[in-house]
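Please read the structure below before turning to the comments.
The values are calculated or read from the model by the stated rules, or taken from the named source; none is laboratory data. Only a predicted model underlies this, so the values are computations on that prediction, with no experimental measurement involved. All Cβ positions, glycine included, derive from the backbone under ideal geometry; neighbour counts span all protein chains shown.
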């Protein structure tokens, strides 16, 4: 079966490094074992060398002594884990809070968000314990009111986050945030949510890879899995250079989900593009011109929002959604528009040179919440995906939870273990008419685009 690749082939060239700021500043790549060659075997094989797969491999090898190997189509961190905005933030779901409460109840909704807090602290702990220099930055995530009439909604949101979810959330008026954040024609107050911080995403994923190797896992970059079959009680994974036999399997593809490998994977995810641009370092005078004092990861309050932060070397990183075709020309047009908007949000920076541009994929599910589970027809296959643009902590936590489940330390070996919040248990539903799912996405985004235009 041909792999499901909804975008232009230029997004799936696994051998090509990304033209990102992260790639330019990550340092030495992970010294992996090289591409898979010949006949090999292990207890657990992991498909995907991003946050989910490497966290699972690290925890399996370090905490449980499991013989584990990771197969990655590109280099370690080639996918979304190495090219996102570096927001270690509370989120992971697009489903509204009201809808979550209706579906899962108040207690389980709170439990999901408390797990998100735990996931943020897990990333921080891994950085400390495994000596990963991921350049942590900021003390929370800021949501800026882009219009005056957006601020009351942030006030209501902060109240719900405190009272229902038990989160540390508060709102600042325009002048208070100007004193600690920045000035802009599109700044009318802000919400601060803790704990959240920014990091260098590729340094983090590479650090997970090095830690996994150090604790006994083996990594095989440049090893796209071309076919997956079952031979008795053993999974057989074939790449261009070799074959790997494994007793158990973890599938961690997220937005690059290898749907063609198994019928259970087909139609489960909706990948969407995200684009990022990074400027040259801003001068002290340029920062002062916008009264910039904010070192927190930040988003705006629009329906199709921008996310941004000033990096440790004083470059502005600005991210937003991409086009629906995925061509290089489409990405360039989207990025040009983002650069124009940069100059409207921060007029003093309208002519600042942009030095890096790139794009990647975020992964949505039909239920708009993450999915963690095992195949219903094969309990030796585990999966985790669907982080809705919030994978730094959610995927890292997912990998750890899969490792705990697989190792059986919780004595919870049922198909839908109750040690996971109800929101994330089991497969997400399939999108109807999965070959047309991106047309549905276009239709769903149109009202949001129109609302932002009206604003």
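Scanning region 101-111 for residues that are outside any loop (DSSP other than H, G, I, E, B) and surrounded by fewer than 22 Cβ atoms within 10 Å (Cβ to Cβ) turns up 101, 102, 103, 104, 106, 107, 108, 110, 111. Among the residues of region 82-96, is any more than 19 Å from residue 204 (Cα to Cα) and either in contact with a strand residue (DSSP E or B) (Cβ under 6 Å, 6 or more places away or on another chain) or part of a helix (DSSP H, G or I) (or both)? The answer is no, given that none of the residues of region 82-96 is more than 19 Å from residue 204 (Cα to Cα) and either in contact with a strand residue (DSSP E or B) (Cβ under 6 Å, 6 or more places away or on another chain) or part of a helix (DSSP H, G or I) (or both).
With a requirement of 1 or more residues that are under 30 Å from residue 43 (Cα atoms), the strands (runs of 3 or more DSSP E) lying completely within region 314-410 that satisfy it span 354-365, 371-375, 378-385.
Sub-9 Å Cβ pairs linking a first residue in region 102-123 that is on the phi > 0 side of the Ramachandran plot to a second residue that is assigned to a helix (DSSP H, G or I) and buried (at least 18 other Cβ atoms within 10 Å of the Cβ), at least 6 apart or interchain, are 105/422, ordered by first then second residue. Residues in region 244-280 that are surrounded by fewer than 16 Cβ atoms within 10 Å (Cβ to Cβ) and in contact with a strand residue (DSSP E or B) (Cβ under 8 Å, 6 or more places away or on another chain): 245, 247, 280. Only one of 127, 92, 74 is assigned by TED's automatic domain parsing to the domain that holds residue 238 and under 30 Å from residue 49 (Cα atoms); which? Residue meeting the stated conditions: 74. Given the structure, is residue 121 within 22 Å of the chain's Cα centre (by Cα), assigned to a loop (DSSP other than H, G, I, E, B) and surrounded by fewer than 21 Cβ atoms within 10 Å (Cβ to Cβ)? No; evaluated as a whole, the condition is false for this residue.
For the condition under 16 Å from residue 214 (Cα atoms) and assigned to a loop (DSSP other than H, G, I, E, B), residue 66 qualifies.
You will find that of 72, 161, 139, the residue that is modelled with pLDDT under 95 and in contact with a strand residue (DSSP E or B) (Cβ under 8 Å, 6 or more places away or on another chain) is 139 and no other.
Being closer than 15 Å to residue 87 by Cβ, touching a residue at least 60 places away in the same chain (Cβ under 8 Å) and either surrounded by fewer than 20 Cβ atoms within 10 Å (Cβ to Cβ) or out of contact with any strand residue (DSSP E or B) (no Cβ under 9 Å at 6 or more places or on another chain) (or both) is a property that residue 300 lacks.
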